[in-house]
1. How about segment 113-152: which of its residues are farther than 16 Å from Ile257 by Cβ, outside any loop (DSSP other than H, G, I, E, B) and touching a residue at least 12 places away in the same chain (Cβ under 8 Å)?
2. So which residues in segment 211-227 are of a type in the set (A, V, I, L, M, F, W, C) and in a strand (DSSP E or B)?
3. Only residues in segment 55-79 that are in contact (Cβ under 8 Å) with a residue 12 or more places away in the chain and under 19 Å from Lys42 (Cα atoms) count as the first member; pair them with residues that are of a type in the set (Phe, Trp, Tyr) and part of a loop (DSSP other than H, G, I, E, B), Cβ under 6 angstrom, at least 6 apart or cross-chain, and list the lot.
4. Taking segment 164-196 as the search range and keeping residues that are among the β-branched types (Val, Ile, Thr) and in contact with a Pro (Cβ under 9 Å, 6 or more places away or on another chain), which one is surrounded by the fewest Cβ atoms within 10 Å (Cβ to Cβ)?
5. Does His8 satisfy being in a helix (DSSP H, G or I), over 19 Å from Leu191 (Cβ atoms) and at pLDDT below 95?
6. Being crowded, with 16+ Cβ neighbours inside 10 Å and touching a His at 6+ places or on another chain (Cβ under 8 Å) is the filter here; which residues of segment 110-163 pass it?
7. I need the full set of residues from segment 49-101 which are aliphatic (A, V, I, L, M), in a helix (DSSP H, G or I) and touching a Cys at 6+ places or on another chain (Cβ under 9 Å), in order please.
8. Using the structure shown, decide if Phe117 is over 26 Å from Arg216 (Cβ atoms) and at pLDDT 95 or above.
Amino acid sequence: MSGQEDWHRKNNLKSNRFALESRTWTMDLCQIEMENINSEIKLDSSWKQHLHLEFETERMQKLNKFLSAEYKAGKTIYPHGDDYFAAMNLTPFDKVKVVIVGQDPYHGPGQAHGLCFSVQDGVRFPPSLRNIFKELHDDVGATIPQSGSLTKWAQEGVLLLNAVLTVEDGKAAAHQGKGWEEFTDKIIHVLNEEKENLVFILWGSYAQKKASFVDRKKHLVLEAVHPSPLSAHRGFFGTKPFSKTNAYLKSKGIGEINWNLV
């Protein structure tokens, strides 16, 4: 068995164990008492307070059934089940200062781990992430890191939210239209309504559709083209999103983000 085949086998086994054993989703929630929700969903308690009813919706039931069927069919899904809600688990609701919206997870082996634009340690930088790091360096002088993991940003209060939280191996956008979009839209709605003085960083037309959910009188919205090599030179480079974010936070008396990943 090749190294890649072994990686896929282990990933599928882990994902299947999550789907069959951890019992985190709606089909299980329908059968338990509401007071047990906090012990059933692998989601930070601050987010459960705002989102627990979402797990009872018909669309989440359908999404759960879809993912279960995909696992049973032997398909490899990224990220690992334990990382579906990594963005929220690393950035609790009360700690959110900034929201960066992505589209869906990377679909290559070992890349996705639940944070938009981020890859796991030791994985080659995708082109968009490389451009983000270039802008980061040019904007605030941060050293370009050796690792592509943005976990430190998440811990600083940057919610790295993909609109779709899962993807099939090798098939970009395979899980679009399955129910994730409504769930993550709800996250943005809740943040918009319950918090003030957030910064929403929206790169590319897909992410910018989410701007309609944000009250610009309460929050700052920074929009630019996507950092993809296809568009980065047409309005991403030079937009200074990192320094603009900190300037806004400082003006509101909120602690700035330490963007340095080194």
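1. Within segment 113-152, Pro127, Ser128, Leu129, Asn131, Lys134, Asp138 qualify.
2. Leu220, Val221, Leu222, Ala224
3. Listed pairs, sorted by first residue: Asn64/Trp25.
4. Checking each candidate, the answer is Val164.
5. Against the criterion (in a helix (DSSP H, G or I), over 19 Å from Leu191 (Cβ atoms) and at pLDDT below 95), His8 qualifies.
6. Result: His113, Val119, Gln120, Ser128, Ser149.
7. Ala87
8. Against the criterion (over 26 Å from Arg216 (Cβ atoms) and at pLDDT 95 or above), Phe117 does not qualify.
The values are calculated or read from the model by the stated rules, or taken from the named source; none is laboratory data. None of the values given here were measured: they were computed from a predicted structure. Don't worry about glycine lacking a Cβ; one is built from the backbone with ideal geometry, like all the others, and counts go over all protein chains shown.
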